[in-house]
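Accompanying notes for the structure given below.
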Amino acid sequence: MTFKDHFSRHAQSYALARPQYPDELFSYLRTCCAQHSLAWDCATGNGQAALSLARYFGRVVATDASAEQIAQALPAVNVEYAVMPAENPTLEGESVDLIAVAQALHWFNIDAFFVAADRVLKKQGVLAVWSYGQHEIDTEVDAIVHRLYADIVGDYWPTERCMVEARYEGIEFPYTLMSAPSIEMHVEWSLQQLLGYLMSWSAVQRFIRASGENPLEQVNDQLREAWGRDPVKKVSWPLTLNIGRK
């Protein structure tokens, strides 16, 4: 099974640039689960979600198919990291209370993953999949970033990105989805932090490898002008939550 790896080459910058998921999300996921012994953070990347899950579950197994991503993950006493494909976990059957997939389902062989998830979930265990699309700052900045996203590096996005843009609609989840609250991820970022995040986009990195040029140079001046004198601005991402119980 082929692993589509779009992040290992810039794993370190990816880890530094990604926003943090709100604690509200993990607190809610805990209430969805009858037991809290073991959570599996599948496609953990740099371990961002795993560390938050560790506050609510006795043990967290955090896996990723990329060894480079796992190398960037921060350790925690009750988090075990492993290089492992999503579709073939070496977890015991019916051992997991919660499976969390953060911004990653679109990279999987989805049917094979759902079979694996059903095997390792306990009865009444919970599968929680979430994603986020483009961020929101203000009208002027958003318009410039959208031009970068769609017009400048648009042809360099992997085809799987369309599933994120569609908020995972059309995917047949294995369990009936629960009604989930509206949860938003947000940060207070400087312009430099925003530029770091844009550099972490897989399409930006693919553009650079293909052309030898940085596409951010095409919007840098406009972004600085639109940003103005504010030291930081609020950056928001509405989360799409798909949560089902076995």
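For this structure, a couple of remarks:
- Check on Val141, at pLDDT below 95, hydrophobic (A, V, I, L, M, F, W, C) and surrounded by 16 or more Cβ atoms within 10 Å (Cβ to Cβ): no
- Scanning the stretch 49-71 for residues that are in contact (Cβ under 8 Å) with a residue 40 or more places away in the chain and closer than 13 Å to Leu25 by Cα yields Ala49, Leu53.
- Checking each residue of the stretch 227-235 against the condition of being buried (at least 18 other Cβ atoms within 10 Å of the Cβ), modelled with pLDDT of 95 or more, under 19 Å from the mean Cα position of the chain (by Cα) and not in a loop (DSSP other than H, G, I, E, B) gives at least one match.
- Within the stretch 171-195, the residues that satisfy the criterion of being surrounded by 13 or more Cβ atoms within 10 Å (Cβ to Cβ) and not aliphatic (A, V, I, L, M) are Phe173, Pro174, Tyr175, Glu184, His186, Trp189, Ser190, Gln193.
Here is a yes/no grid of residues against (1) assigned to a strand (DSSP E or B); (2) surrounded by 21 or more Cβ atoms within 10 Å (Cβ to Cβ); (3) in contact with a Leu (Cβ under 7 Å, 6 or more places away or on another chain); (4) modelled with pLDDT under 95:
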site: Ser27; (1), (2), (3), (4): no, no, no, no
site: Arg30; (1), (2), (3), (4): no, no, no, no
site: Ala34; (1), (2), (3), (4): no, no, no, no
site: Trp40; (1), (2), (3), (4): yes, yes, yes, no
site: Val61; (1), (2), (3), (4): yes, yes, yes, no
site: Val77; (1), (2), (3), (4): no, no, no, no
site: Tyr81; (1), (2), (3), (4): yes, yes, no, no
site: Glu92; (1), (2), (3), (4): no, no, no, no
site: Val101; (1), (2), (3), (4): yes, yes, no, no
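- Residues satisfying the stated conditions in the stretch 210-226, i.e. in contact (Cβ under 8 Å) with a residue 12 or more places away in the chain and more than 16 Å from Tyr149 (Cα to Cα): Ala210, Arg224, Ala226
- Selection status of Tyr156, of a type outside the set (A, V, I, L, M, F, W, C) and under 17 Å from Pro215 (Cβ atoms): yes
- Ser52 at pLDDT 95 or above, farther than 24 Å from Arg161 by Cβ, among the polar types (S, T, N, Q) and under 17 Å from the mean Cα position of the chain (by Cα): yes
- Among (1) surrounded by 15 or more Cβ atoms within 10 Å (Cβ to Cβ); (2) at pLDDT below 95 - the single one Leu241 does not satisfy: (2)
The values are calculated or read from the model by the stated rules, or taken from the named source; none is laboratory data. This is a predicted model, so every value here is computed, not measured. Don't worry about glycine lacking a Cβ; one is built from the backbone with ideal geometry, like all the others, and counts go over all protein chains shown.
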